[in-house]
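Got a structure here, written out as structure tokens. Questions coming.
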Amino acid sequence: MNRRTTLVTAAIATLTTGLALTGCSTSDSDAKSKPELKVSDAFMPQPVGDMAGGFLTVKNSGGTADKLTSVTSPLSDDVQIHETKDQKMRRVESFDIPANGELKLERGGSHIMFMKIKEQPKKGQKVTVELHFEKSDPVKLELPVMEQTHTSKQHQH
Ligand code: CU
């Protein structure tokens with residue numbers, strides 16, 4: 001039984017390696033050297049007061065790391081990116097988006113922070129944001145406004 005399990009594991013490892021190699025050879029050399037970003041799970045909990053938070057995931061399927069360097073939005077002239085350490089938030093200059101990895105902005109962790117918001121978006125509305133990266137082109141998207149307690153479906157806790 002043990003031996004059989006080992007064989008199966010080896011077969012899977014071979015298969016996975018084969019797939020990875022195929023993936024590389026089908027993309028041209030230029031694509032391989034660029035970050036390939038995709039944004040998902042974006043939302044804003046309905047804000048209370050004059051600040052709002054934004055959460056999303058940026059997946060990078062490219063072989064090169066990138067950085068989220070800033071966020072802009074019509075909702076605020078001062079949109080910051082914050083990390084949370086020891087339950088205190090701190091402004092940062094950028095967030096790393098590792099090669100073949102992801103950047104997760106989620107409740108209790110790193111987030112986008114909209115200071116002195118110009119209006120109070122309500123649940124069901126959308127807030128336009130533009131994400132700026134060190135290497136990739138800016139990405140414009142809309143954050144759906146959710147109830148205050150909303151968390152991403154893929155939250156692991
Ligand atoms: Cu914050």
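The values are calculated or read from the model by the stated rules, or taken from the named source; none is laboratory data. The structure displayed is predicted, hence computed values, not measured ones. With ideal geometry, Cβ positions are generated from the backbone for all residues, glycine too; neighbour counts draw on all protein chains shown. Accessible surface is based on the protein model in full, side chains and every heavy atom, while ligands, DNA and RNA are left aside. Shrake-Rupley method; radii C 1.70, N 1.55, O 1.52, S 1.80 Å.
Identify, please: which residue in segment 74-87 is assigned to a strand (DSSP E or B) and loosely packed, with under 13 Cβ neighbours inside 10 Å and is, among those, modelled with the highest pLDDT?
Asp78
Could you list, in sequence order, all residues of segment 44-85 that are of a type in the set (Ser, Thr, Tyr), out of contact with any Pro (no Cβ under 8 Å at 6 or more places or on another chain) and either within 12 Å of the ligand (Cβ to nearest atom) or in contact (Cβ under 8 Å) with a residue 60 or more places away in the chain (or both)?
Thr57, Thr69, Ser70, Thr72, Thr84
Given the condition acidic (Asp, Glu), assigned to a loop (DSSP other than H, G, I, E, B) and over 20 Å from Gln46 (Cβ atoms), answer yes or no: does some residue in segment 143-151 qualify?
no
I'm checking my understanding of the structure. Among residues of segment 109-157 that are of a type in the set (Gly, Ala, Ser) and within 14 Å of Gly53 (Cβ to Cβ), which one is modelled with the lowest pLDDT?
Top of the filtered list is Ser152.
Moving on. Scan segment 88-114 for residues that are assigned to a loop (DSSP other than H, G, I, E, B) and away from the ligand (no atom under 16 Å from the Cβ) and jot them down.
Correct list: Pro98, Ala99, Asn100.
Any residue at all in segment 112-119 that's in contact with an Asp or Glu (Cβ under 9 Å, 6 or more places away or on another chain) and open to solvent by 80 Å² or more (accessible area, probe 1.4 Å)?
Checked segment 112-119: at least one residue is in contact with an Asp or Glu (Cβ under 9 Å, 6 or more places away or on another chain) and open to solvent by 80 Å² or more (accessible area, probe 1.4 Å).
Which condition does Ile117 not pass, out of (1) part of a strand (DSSP E or B); (2) within 15 Å of the ligand (Cβ to nearest atom); (3) touching a residue at least 60 places away in the same chain (Cβ under 8 Å), if it passes all the others?
(1)
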